[in-house]
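K.L.:
To start, I am sharing the structure in question, which I have written as structure tokens.
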């Protein structure tokens, strides 16, 4: 019995030691691979950038792309050069077989290499790869789908924008900041037309998802679309999304109409908008909202009053003392 227990303990210790050894080996291997990749890029990136900046048509070193390191090099250089240099880089990639290398890794099993290949394809600029990238944009894997749409914008931005807008209304997991940053790299004029069409053509219950993208439009276009949606939509979610963007004097007359809206969320956001872009005359309107039955509306109104131009702390304290409504007096400013 004792011998069996000893043997079991020794086996347990042996397996644990073997597992620890495997982990150490894996970490050392990964560190070595990372070091080799860094050295590879450090040696070739400056030469490749110099080639792109010159009129030479001869590659600065022998190009025999066989490993993922070549794709990492292409991405590293592609991100650091201008559009014209990126085109030259794409032509060189096509001549030397980097597109085929990227597609091989895109179809492979390695998740990490798949992400690298996706990014590289965007800088390789081969339009024929579009149909292979689109299915990955539908992936339930968030990182993979976002990397795919980023690649699509590099391949053909005019084709990518309507696709991204349509999917953005369906993919609630796609973060707004990422989409804003991604579309922000594209011409505002081009974005303006597609966003306008997207808002007009999408279902009413999906419009609130697109409204924040008006931030990317030139001010004139943004105000026009914002006022149109505020005047024509009856959906509280759309109105709240619009009020979040209110910032111009032209948008204020319509904004003031929403302080008596039936939904407290709309009243609260209208109060915030008045505080952000209103004037001293809006104090009377906000004072009425201090008597609102919903605490959030009273809170937003008090904050808005404190932010109006020309309002002094003394006036706010006086309002608290004489306000007829108990809730209004107690609302912190």
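Since every read-out is calculated from the coordinates, none of them should be taken as a lab result. This is a predicted model, so every value here is computed, not measured. Every residue, glycine among them, receives a Cβ derived from its backbone with ideal geometry; neighbour counts consider all protein chains shown.
K.L.:
For region 105-167, take N as its residue count and report Rg(C-alpha) divided by 2.2 N^0.38 Å. All intermediate terms of the calculation are to be shown ahead of the outcome.
P.N.:
Working: Rg = 10.6 Å, N = 63, 2.2 N^0.38 = 10.6 Å.
Normalised Rg, Cα atoms only: 1.00.
K.L.:
For region 68-155, what ratio Rg/Rh do Cα atoms give with a Kirkwood hydrodynamic radius?
P.N.:
Values: Rg = 11.9 Å, Rh = 12.7 Å.
Over the Cα atoms of region 68-155, Rg/Rh equals 0.94.
K.L.:
Here is a follow-up. Tell me what the chain gives for mean residue ellipticity at 222 nm when only DSSP H runs of n ≥ 4 count, each as -39,500 (n - 2.57), the sum divided by the residue total, rounded to 500 deg cm²/dmol. If you can, show how the numbers build up before the last one.
P.N.:
Details: 19 runs with 241 residues, N = 333.
Mean residue ellipticity, 222 nm, calculated: -23000 deg cm²/dmol.
K.L.:
Taking the inverse of the average 1/r across all pairs of different Cα atoms in region 131-249, what Kirkwood radius in Å do you get?
P.N.:
On the way: mean 1/r = 0.0682 Å⁻¹.
The answer is 14.7 Å.
K.L.:
Measure off 7 Å from each Cα along the Cα-to-Cβ vector at residue 291 and residue 178, then give the distance between these two points in nanometres to one decimal.
P.N.:
Result: 4.9 nm between the two label points.
K.L.:
Using 1/(1 + (r/R0)^6) with R0 = 45 angstrom and r between the beta carbons of residue 30 and residue 307, what's the FRET efficiency to the nearest 0.05? Numbers along the way, then the final one.
P.N.:
Working: r = 52 Å, r/R0 = 1.15.
FRET efficiency, residue 30 to residue 307: 0.30.
K.L.:
For 258, 178, which order do you get if you count the other beta carbons within 10 Å of each Cβ and list the fewest first? Walk me through the numbers on the way to the answer.
P.N.:
Numbers: 258 23, 178 13.
With the sparsest Cβ surroundings first, the list reads 178, 258.
K.L.:
Could you please rank 230, 252, placing first whichever residue has the fewest other Cβ atoms within 10 Å of its Cβ?
P.N.:
Working: 230 20, 252 17.
Neighbour counts put them in this order, fewest first: 252, 230.
K.L.:
Right, another one. Once you put a point 7 Å from the Cα of residue 190 and another 7 Å from the Cα of residue 138, both along the Cβ direction, what distance in nm separates them?
P.N.:
Using points 7 Å along Cα→Cβ, the separation is 2.5 nm.
K.L.:
So what is the relative contact order of region 89-223, in percent, for Cα pairs below 8 Å that sit 6 or more residues apart?
P.N.:
Values: 129 pairs, mean separation 22.9, N = 135.
Here the relative contact order equals 17 percent.
K.L.:
Taking 0.36 nm per residue of separation and subtracting the Cα-Cα distance, what length does fully extending residue 43 through residue 67 add? Intermediate values should be presented prior to the final figure.
P.N.:
Details: separation 24, 0.36 × 24 = 8.64 nm, distance 1.59 nm.
That pair, residue 43 and residue 67, stretches by 7.0 nm at full extension.
K.L.:
Continuing with this model, one more query. For region 258-305, what does the alpha-carbon gyration tensor say about shape, rounded, prolate or oblate, given a ≥ b ≥ c as the root eigenvalues, a/c under 1.5 as rounded, and a/b over b/c as prolate? Could you put the intermediate results ahead of the total?
P.N.:
On the way: a/c = 1.66, a/b = 1.46, b/c = 1.14.
In terms of gyration-tensor shape, prolate.
K.L.:
Further, regarding this structure: How many percent of all Cα-Cα pairs in the chain sit more than 35 Å apart? Walk me through the numbers on the way to the answer.
P.N.:
Working: 26971 of 55278 pairs.
So the portion of pairs separated by more than 35 Å is 49 percent.
K.L.:
Next up: Could you please rank 29, 83, 202, placing first whichever residue has the fewest other Cβ atoms within 10 Å of its Cβ?
P.N.:
Values: 29 10, 83 6, 202 16.
So the residues, fewest neighbours to most, are 83, 29, 202.
K.L.:
By what distance, in whole Å, do the Cα atoms of region 177-322 stretch along each of the three principal axes, largest value first?
P.N.:
53, 28, 26
K.L.:
I've got another one for you. On a full-extension model of 0.36 nm per residue, what is the gain between residue 107 and residue 53, subtracting their alpha-carbon distance, rounded to one decimal in nm? Write out the running numbers ahead of the final one.
P.N.:
Values: separation 54, 0.36 × 54 = 19.44 nm, distance 3.30 nm.
Length difference between fully extended and current span is 16.1 nm.
K.L.:
Let me ask you something else. In nm, to one decimal, how far is the residue 19 label point from the residue 224 one, both placed 7 Å along Cα→Cβ?
P.N.:
6.5
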